[in-house]
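Novice: The structure under discussion is supplied below as structure tokens; questions concerning it will follow.
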Amino acid sequence: MAKLFAEFPEVSTPQWEEVINTDLKGADYEKKLVWKSAEGFSVRPYYRTEDLASIDTVGATPGQFPFVRGTKKDNNWLVRQSITVSCPSEANKLALNVLSRGAESLNFVISNKEFTAADLDALLEGIVVSAVELNFSGCGVFTVAELFIAKMEATELTSKEVAASFDIDPIIKMLSLRGKVCKENFKIEKIANLINKAAKFGRIRFVTVNGQVFNDCGATIVQELALAMSVAHDYIVELMNAGVSIDKAAHNVKFNMSISSSYFMEIAKFRAARVLWANIVDGYNPTKNCASKLKVNAITSKFNMSVYDPYVNMLRGTTEAMSAAIAGVSSIEVNPFDAPFREPSEFSSRIARNTQLLLKDESHFDQVVDAAGGSYYVETLTQSITDAAWSLFKEIEEAGGYVEAFKKGVVQSKIAESAAKKESNIATRREILLGTNQYPNFTEVAEKDVTEANVTAGIKACSCKSDGSQYTKLVPFRAGMSFEQMRLKVDRGGKDLKVFMLTVGNITFCRARAQFASNFFGCAGIQPIDNICFGSVAEGADAAIKAGADVVVLCSSDDEYVAFAPEAAAALKGKAILVVAGDPACKPELQAAGINNFISVRSNVLETLQSYIKELGL
């Protein structure tokens, strides 16, 4: 290998930069090649060895503090699946079924507030507790925790044989999502009491920080990470004030975090999370290193899931699970592709579960620890995210910690700003949601399970306190929700809307613009009628009228619009909405002639389509 590299002369960074600048031909380097991330830092087009010189964790090994490369010496994450518990016996049958099909971690979502010991017995009947990780969330989780401890104490299972967690998270579940303070100190005392009761079971955790909520509300990766750490810090401080040692307090904290579609950023996020948590806990001088090890369950993002073209959600879930697996998380839950609009089917749940089994059994992702370690790009991203998240974490701490910062509106304003930017990027296609704001399935009609209610579930109303909330609350939503709401209106509006491509003139321009316009209007469910190329404007206009088109898009070259657009406007006046594809230099001249509808790559797709739909009477 040494001889092979010796045959190639070393190329210095200035030499690389000189070639790059030559290829740019005077274009601005920063604007063309440097990515300004939503997280607040710049991402360079390439990285070299010297970029890692200031990163202390480069060269660390798995299991070594601060655990950037993982908290253990293997990468065997657990395949997790959620099961709604309405009837304990039925949930038990489903649990046994999914365990036999590859699930290794179960999350029981309890829906009955009056959960009893008999219900717990029925739920866990036949499940080998020592062979599976159990997680409990939903209603009455404190009661379920008490019942579970009592049940485990009645067995002969040892501390190492019982792995369980309870989704006790009043800071996020009550304060953040409901805007209410519900006897927080009382909750902390109850958590401390549970920890003391379960002292003999070292693998039971009672605090779950639901960091994925921040992602679901539109937060950036850095915000999700910093805010989750701040919530966790509030918990360990309050638990210590209640008499729990730092070792027990930190060890009882588990994180749920989202996996967004930003592949390498997510790998770096989970690596950064381990570093941040290790350093936060280390500041309190725990007696053992294990207290500083992050326990995180990664959940594929709900924020970017869609109800139209829902099978694309499978692709999203797959790449997201890949990034979490490479990052070395404790467990992964892939949301079923139909989760946004109905109770997941057996098929969609199986596909979600099998996604991870394929990553393990066929791609062998579990056999390599921190596969991204040493990558100049990922190592630099990890450091950038760590620094940015640490800065925000300190800002929140200076405001009094997460709870106080939330009461002051600091948390809400930061997330609202990020969410607004994401919505704007989706509306203008700076960010692509495949099948939603770009490349829609023209022939698709919303499935019968899709309703106005589940499309707009969680529609943002963050500033509303009419429900009696004390503080402005966070409201999860999905990025494509506004597009879907618009398209559902067209689907079920009782009108068969059509957009006709009046292609004429320069064949290259007219075909390219016809394809662009078809995709543009397809995002609203308006059916495109495409055409190769007409011999004249009059011929195309006549065909459009015969086709019963509601909208006609003139597709030609900029130079030809000067003559073609006024002719088309005259022929279609009172019969259809005329739209010009492009942003031609003659636009002011055409506007002076009364032609005001234009679509281009600069258009706000959402607002433009909404205005046409309104004009068409929907």
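The values are calculated or read from the model by the stated rules, or taken from the named source; none is laboratory data. Treat the numbers as computed from the prediction; the structure is a model and nothing was measured. Note: ideal-geometry Cβ built from the backbone for every residue, glycine included; neighbour counts use all protein chains shown.
Novice: So which residues in the stretch 322-347 are of a type in the set (Gly, Ala, Ser), more than 16 Å from the chain's Cα centre (by Cα) and assigned to a loop (DSSP other than H, G, I, E, B)?
Specialist: 328, 330, 345
Novice: Moving on to the next point. Is there a residue in the stretch 404-412 that is of a type in the set (S, T, N, Q) and either crowded, with 20+ Cβ neighbours inside 10 Å or modelled with pLDDT of 95 or more (or both)?
Specialist: yes
Novice: Of the residues that sit in the stretch 107-152 and are assigned to a loop (DSSP other than H, G, I, E, B) and acidic (Asp, Glu), which one is nearest to residue 331 (Cα to Cα)?
Specialist: 125
For (1) of a type in the set (Ser, Thr, Tyr); (2) more than 17 Å from residue 103 (Cβ to Cβ); (3) in contact with a Cys (Cβ under 8 Å, 6 or more places away or on another chain), each residue gets a yes or a no:
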| position | (1), (2), (3) |
| --- | --- |
| 306 | yes, yes, no |
| 311 | yes, yes, no |
| 328 | no, yes, no |
| 339 | no, no, no |
| 352 | no, no, no |
| 355 | yes, no, no |
| 367 | no, yes, no |
| 389 | no, yes, no |
| 394 | no, yes, no |
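Novice: Now for a separate question. So, in the stretch 202-214, exactly how many residues are over 30 Å from residue 423 (Cα atoms), modelled with pLDDT of 95 or more and outside any strand (DSSP E or B)?
Specialist: Number of matching residues: 1.
Novice: So which residues in the stretch 274-327 are β-branched (Val, Ile, Thr) and more than 30 Å from residue 485 (Cα to Cα), if there are any at all?
Specialist: 275, 280, 281, 287, 296, 326
Novice: To continue, here is another question. Please go through the stretch 184-201 and give me each residue that is part of a loop (DSSP other than H, G, I, E, B) and either crowded, with 21+ Cβ neighbours inside 10 Å or among the β-branched types (Val, Ile, Thr) (or both), ordered by number.
Specialist: If the condition is that a residue be part of a loop (DSSP other than H, G, I, E, B) and either crowded, with 21+ Cβ neighbours inside 10 Å or among the β-branched types (Val, Ile, Thr) (or both), then 198 is the only one that fits.
Novice: If you go through the stretch 153-183 one residue at a time, how many are surrounded by fewer than 19 Cβ atoms within 10 Å (Cβ to Cβ), farther than 20 Å from residue 216 by Cβ and of a type outside the set (Gly, Ala, Ser)?
Specialist: Count: 10.
Novice: Could you please give the count of residues in the stretch 92-106 that are surrounded by fewer than 22 Cβ atoms within 10 Å (Cβ to Cβ) and part of a loop (DSSP other than H, G, I, E, B)?
Specialist: Qualifying residue count, the stretch 92-106: 3.
Novice: Only one of 103, 122, 131 is free of Cβ contacts under 8 Å to residues at least 60 places away in the same chain, within 30 Å of residue 271 (Cβ to Cβ) and of a type in the set (Gly, Ala, Ser). Can you tell me which?
Specialist: 131
Novice: Looking at the stretch 396-412, which of its residues are in contact (Cβ under 8 Å) with a residue 60 or more places away in the chain and part of a helix (DSSP H, G or I)?
Specialist: 396, 397, 402, 403, 405, 406, 407, 411, 412
Novice: Only one of 415, 432 is without any contact (Cβ under 8 Å) to a residue 12 or more places away in the chain and either of a type in the set (Val, Ile, Thr) or buried (at least 19 other Cβ atoms within 10 Å of the Cβ) (or both). Can you tell me which?
Specialist: Going through 415, 432 in turn, the sole match is 432.
Listed here are the residues, each with its yes/no results for (1) touching a strand residue (DSSP E or B) at 6+ places or on another chain (Cβ under 6 Å); (2) surrounded by fewer than 11 Cβ atoms within 10 Å (Cβ to Cβ); (3) under 20 Å from residue 331 (Cα atoms).
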site: 14; (1), (2), (3): no, yes, no
site: 24; (1), (2), (3): no, no, no
site: 35; (1), (2), (3): yes, yes, no
site: 48; (1), (2), (3): no, no, no
site: 77; (1), (2), (3): yes, no, yes
site: 90; (1), (2), (3): no, no, no
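Novice: Could you go through the stretch 360-374 and let me know if any residue there is of a type in the set (A, V, I, L, M), touching a residue at least 12 places away in the same chain (Cβ under 8 Å) and not in a loop (DSSP other than H, G, I, E, B).
Specialist: Within the stretch 360-374, none of the residues are of a type in the set (A, V, I, L, M), touching a residue at least 12 places away in the same chain (Cβ under 8 Å) and not in a loop (DSSP other than H, G, I, E, B).
Novice: In the stretch 377-413, what count of residues is obtained for those that are within 27 Å of residue 267 (Cα to Cα), of a type in the set (A, V, I, L, M) and more than 22 Å from the chain's Cα centre (by Cα)?
Specialist: So the count comes out to 1.
Novice: Also, quick follow-up: Does residue 454 satisfy the criteria of being among the polar types (S, T, N, Q), part of a helix (DSSP H, G or I) and modelled with pLDDT under 95?
Specialist: Yes: the conditions hold for residue 454.
Novice: In the stretch 457-478, which residues are in contact with a Ser or Thr (Cβ under 8 Å, 6 or more places away or on another chain) and either modelled with pLDDT of 85 or more or surrounded by 15 or more Cβ atoms within 10 Å (Cβ to Cβ) (or both)?
Specialist: The answer is 462, 472, 473, 474, 478.
Novice: Evaluate the following for residue 281: is it crowded, with 24+ Cβ neighbours inside 10 Å, more than 30 Å from residue 240 (Cβ to Cβ) and over 14 Å from the mean Cα position of the chain (by Cα)?
Specialist: The answer is no for residue 281.
Novice: Let me ask you something else. Select, from 513, 478, 430, the only residue that is over 21 Å from residue 582 (Cβ atoms) and of a type outside the set (Asp, Glu).
Specialist: Testing whether each residue is over 21 Å from residue 582 (Cβ atoms) and of a type outside the set (Asp, Glu) leaves just 478.
Novice: If I ask for residues that are in a helix (DSSP H, G or I) and of a type outside the set (Gly, Ala, Ser), which ones from the stretch 153-177 would you list?
Specialist: 153, 160, 161, 170, 171, 172, 173, 174, 175, 177
Novice: Restricting to the stretch 521-574, give me the number of residues that are in contact (Cβ under 8 Å) with a residue 60 or more places away in the chain, touching a Ser or Thr at 6+ places or on another chain (Cβ under 7 Å) and among the charged types (D, E, K, R).
Specialist: 0
To keep it simple, each residue is scored yes or no on (1) among the small types (Gly, Ala, Ser); (2) within 26 Å of residue 604 (Cα to Cα).
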residue: 380; (1), (2): no, no
residue: 415; (1), (2): no, yes
residue: 442; (1), (2): no, yes
residue: 448; (1), (2): no, no
residue: 453; (1), (2): yes, yes
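Novice: Okay, next question. Considering only the stretch 396-429, state which residues are within 23 Å of residue 237 (Cα to Cα), in contact with a helix residue (DSSP H, G or I) (Cβ under 8 Å, 6 or more places away or on another chain) and of a type in the set (Asp, Glu).
Specialist: 397
Novice: Still on this structure, please answer the following. Among (1) surrounded by fewer than 19 Cβ atoms within 10 Å (Cβ to Cβ); (2) of a type in the set (D, E, K, R); (3) touching a helix residue (DSSP H, G or I) at 6+ places or on another chain (Cβ under 9 Å), where does residue 447 come up short?
Specialist: Against the list (1) surrounded by fewer than 19 Cβ atoms within 10 Å (Cβ to Cβ); (2) of a type in the set (D, E, K, R); (3) touching a helix residue (DSSP H, G or I) at 6+ places or on another chain (Cβ under 9 Å), residue 447 comes up short only on (3).
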